[in-house]
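The values are calculated or read from the model by the stated rules, or taken from the named source; none is laboratory data. A quick note: this is a predicted structure, and the numbers were derived from the prediction, not measured. Here the Cβ positions follow ideal geometry from the backbone for every residue, glycine too, while neighbour counts run over all protein chains shown. Calculation scope for accessible area: heavy atoms of the full protein, side chains included, ligands and nucleic acids excluded. Shrake-Rupley method; radii C 1.70, N 1.55, O 1.52, S 1.80 Å.
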Amino acid sequence: MNAPDTNLGFVVAQTAHFDAPLRLKSGAEIPAFELAYETYGELNAAKSNAVLVCHALNASHHVAGRYEDEKDSVGWWDNLVGPGKPLDTRRFFVVGSNYLGSCFGSTGPASVNPASGKPWGADFPVVTVEDWVEAQARLADRLGIERFAAVIGGSLGAMQALQWTLSYPERVRHALVIAAAARLSPQNIAFNEVARQAIMTDPDFHGGHYYERGVVPTRGLRIARMIGHITYLSGEAMTEKFGRLMRRGAPGFDFDIDFEIESYLRYQGDKFSTYFDANTYLRITKALDYFDPAADFGGDLRRALARAQAAFLVVSFKSDWRFPPARSREIVRALLDNRRIVSYLEIDAPGGHDAFLLEDERYHSALRSYFSNIEL
Amino acid sequence: MRPDLAAIVHWVPQGARVLDLGCGDGSLLRSLWQEREAPGYGVEIDDDSVLACVANDVNVLQVDLESGLSLFADGSFDCVILSETLQTIHRTEFLMREMLRVGREVIVSFPNFGHWRARLQVVLGHMPVSETLPYEWYETPNVHHCTVADFEDLCRRLGVRIRERLVLHEGKPVTHLPNLLGSLAVYRCTAH
């Protein structure tokens, strides 16, 4: 008998519809919107056991479990979330929320703009991490969750977790901020800009209005994804995984795939371009670039985080060069300056930025202990 | 409880903000919280100890002491504790200065290399191994051993004022010839 590929079993995605307009940070307004989400476990009577999981760039609200009608549909954080797992769904009510502007079921650029009856396309506003938290707060209201036991996320998800503690300090008891940065470095922004340029210069992009032409800027998306992947892996992990292995055993003296790493990047790029929306990708990278809670405080992160009341667990990975440990230590320092409750772990795992998705024993054991110490 | 830790708990005032450097599994911080209602943070580099702290529900920060205490603002703690860790530090002077920068008060404990049994073992041609110095020379994490007299010299050189001193042997205070008869020393110091 095959071992089950998930402990949670089959899960079902849901959609919440919100009629009241949402005013965005940019000043634009979304008249109404939908947010896709999933829940696992049961909300207890005191409603004190809810944990919000925020996802990163290319993931979705499908955090754990598997869809019944889809093979190979195990959620992106299934190794962490489930019965008996570090984030134990027998004890916690776990909510995986999609973000506004996504292409996985929430209102986004591919959705129909009620004003025109056509897909929003390029007209879909640029959304920010703050906007996402606003939308998720409405979902929390809808689910009857006044206060989360914890909000957790890695990378861009960690930015949302951090923003939750600032937008709604009284609604978050614990924030687990993993592989995070309080703002992108110019180098991070540079990588994002190359990805955007790859998409926007694709002849099939049509200024973002490609839906009605029945085409997809797959070439641009493909390159954007390849660039992303380079930054997610550490050099060490790449060497270990691919080395200088050659596909055909010897140089081909042509421009077909020679090295395994080329094959991997092309495969990842191809796969991504079949399911991800280019307009969404542009907006997510902008949300990353704009995120900077200290900006309103003259760059002073200490003052920016003064509002936070949550207890924090901050985790970084030594091999992560996208958001290296020093970026997490900036957050820790600002929290300490505000005399907040915080623990900080610097895990010596080789996985690079993607390490937050992997099953490192120390990492998972820390999260398991941390969650089990949260009183309900 | 280790005898130096009992002394430390005794010296930490009620409700003091505490930083415990090299905090191990966080048991001192737990006692300080339970007995003194002193909230604190531990600093620890070792993975297993850090995990134990998280399991013990103690605030822990996984950073290397050798790189200083740059996470902490000047004067942000009432008490900075370095218990039986001084001898493992490479940049001893630097760390002492850092401790005095972030804490109003510093508590340091270390095994006394001047204890007569240690001296005797050296005279007999061997590196000391004892209850407070439990490692063979080839496996010890300790890099900078000192005696009671040496530590007090360093304090003088750094302009550190010693407020209290407790020298122990087998858990009991030693008042007579402490540098010879004591195996474990605990100091409470301030900058001026």
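Report summary: the helix-based calculation at 222 nm, which adds -39500 (n - 2.57) for every DSSP H run with n ≥ 4 and divides by the residues of the protein assembly as shown, gives -10000 deg cm²/dmol.
With a 10 Å cut-off around each Cβ of B:44-54, the average count of Cβ atoms from other chains is 4. When a 1.4 Å probe is rolled over the protein heavy atoms, the share of accessible surface on chain A that falls to carbon and sulfur comes to 51 percent. Quick check of the Kirkwood formula: for the protein assembly as shown, what is the inverse mean of 1/r over all pairs of different Cα atoms, in Å? When all Cα pairs of the protein assembly as shown are included, the Kirkwood radius is 26.3 Å. Please state, as a whole number in µm²/s, the translational diffusion coefficient that the Stokes-Einstein equation yields for region A:227-313 at 37 °C and 0.692 mPa s, with Rh defined as the Kirkwood radius across alpha carbon pairs. Translational diffusion coefficient: 193 µm²/s. Evaluated at q = 0.24, 0.26 Å⁻¹, the base-10 log of the normalised Debye intensity for region A:44-110, with identical point scatterers placed on the Cα atoms, takes the values -1.08, -1.15. Peptide B:57-69 has a mean of 4 when you count, residue by residue, the C-beta atoms of other protein chains within 10 Å of its C-beta. Computed log10 I(q)/I(0) for region A:190-260 at 0.16 Å⁻¹: -0.74, from the Debye equation with unit scatterers placed on every C-alpha and solvent omitted.
Histogrammed with a bin width of 10 Å, the alpha carbon distances of region A:80-218 distribute as 10, 31, 31, 21, 6, 0 percent, first bin at zero. Relative protection proxy for A:327-337, B:24-34, A:267-277, A:105-115, from highest mean packing down: A:327-337, B:24-34, A:105-115, A:267-277 (other beta-carbon atoms within 10 angstrom).
Here each label is just a point 7 Å from Cα along the line to Cβ, and for A:Phe255 and A:Arg303 those points are 5.3 nm apart. Computed from point charges on the beta carbon alone (+1 for Lys and Arg, -1 for Asp and Glu), the dipole magnitude for region A:16-59 about its Cα centre is near 200 Debye. By accessible area, using a 1.4 Å probe on protein heavy atoms only, region B:1-106 has 47% of its surface on carbon and sulfur. When the charge dipole of the protein assembly as shown is built from unit charges on Cβ atoms (+1 for Lys and Arg, -1 for Asp and Glu) and taken about the Cα centre, the candidate among B:Leu71, A:Gly121, A:Tyr290 whose Cα reaches farthest toward its positive end is B:Leu71.
A simple packing score, the average count of other Cβ atoms within 10 Å per residue, orders the peptides B:124-132, A:228-236 as A:228-236, B:124-132, with the highest score first. Cross-link partners of A:Lys241 among aspartates and glutamates, defined as those whose alpha carbon lies under 19 angstrom from its own and excluding same-chain residues fewer than eight positions apart: A:Asp258, A:Glu260, A:Glu262, A:Asp320, A:Asp348, A:Asp354, A:Glu359, A:Asp360. Placing +1 on each Lys and Arg Cβ and -1 on each Asp and Glu Cβ, with no other charges, gives region A:189-332 a dipole about its Cα centre of roughly 340 debye.
Annotation: region A:172-213 has a Kirkwood hydrodynamic radius of 13.3 angstrom, from the mean reciprocal C-alpha pair distance. Pairwise Cα separations in chain B fall into 5 Å bins from 0 onward with the following percentages, short to long: 1, 8, 16, 20, 21, 17, 10, 4, 1, 0. Computed from the C-beta positions of A:Arg138 and A:Tyr267 and an R0 of 41 Å, the FRET efficiency is 0.60 to the nearest 0.05. Taken per residue, the accessible surface of chain B reaches 47 Å², heavy atoms only and a 1.4 Å probe. At a probe radius of 1.4 angstrom, the accessible area of chain A per residue rounds to 41 square angstrom. Ordering of A:43-49, A:175-181 by packing is A:175-181, A:43-49, highest average first (other Cβ atoms within 10 Å, averaged per residue).
Scaled to the globular estimate 2.2 N^0.38 Å, the Cα spread of region A:1-79, given as radius of gyration, is 1.38.
Among beta bridges identified by DSSP and lying wholly in chain A, the antiparallel ones come to about 35 percent. To the nearest 0.05, what FRET efficiency results for A:Trp321 and A:Lys241 with a Förster distance of 22 Å applied to their C-beta separation? Computed FRET efficiency for A:Trp321 and A:Lys241: 0.90. A P(r) calculated from all alpha carbon pairs of region B:1-83, with 10 Å bins opening at zero, reads 20, 54, 26, 0 percent. Compute the whole-percent fraction of alpha carbon pairs in region A:134-213 spaced more than 14 Å apart. Pairs farther apart than 14 Å: 71 percent. Taken over region B:52-149, the alpha-carbon convex hull comes to 127 cubic angstrom per residue. With 32 Å as the limit, the listed pairs A:Lys25/A:Lys118; A:Lys71/A:Lys318; A:Lys85/A:Lys271; A:Lys47/A:Lys85; A:Lys118/A:Lys271 have A:Lys71/A:Lys318 beyond it between alpha carbons. Legend: mean number of C-beta atoms from other chains within 10 angstrom of residue C-beta atoms, peptide A:311-320, equals 1.
Ranking B:Asn56, B:Ala191, B:Asn142 by how far each Cα lies toward the positive end of the dipole of region B:37-192 (charges on Cβ) leaves B:Ala191 at the top. Simple point charges give the picture: +1 on the Cβ of Lys and Arg, -1 on the Cβ of Asp and Glu, and for the protein assembly as shown a dipole about the Cα centre of about 1140 debye.
For region A:127-170, the C-alpha radius of gyration sits at 1.06 times the compact-globule guess of 2.2 N^0.38 Å, with N the residue count.
Scaling the Cα radius of gyration of region A:1-133 by the globular reference 2.2 N^0.38 Å produces a ratio of 1.17. Computed with a 1.4 angstrom probe on protein heavy atoms, the A-B interface buries about 1700 square angstrom of accessible area in total.
Cβ-Cβ distance of A:Glu70 and B:Ser67, R₀ of 51 Å, FRET efficiency by 1/(1 + (r/R0)^6): the value works out to about 0.60.
Ranking B:Leu82, A:Gly208, A:Ile347 by Cα position along the charge dipole of the protein assembly as shown, where only Lys, Arg, Asp and Glu carry charges on their C-beta atoms, puts B:Leu82 farthest toward the positive end.
In region B:37-85, inverting the average of 1/r over every pair of distinct C-alpha atoms gives 11.9 Å as the Kirkwood radius.
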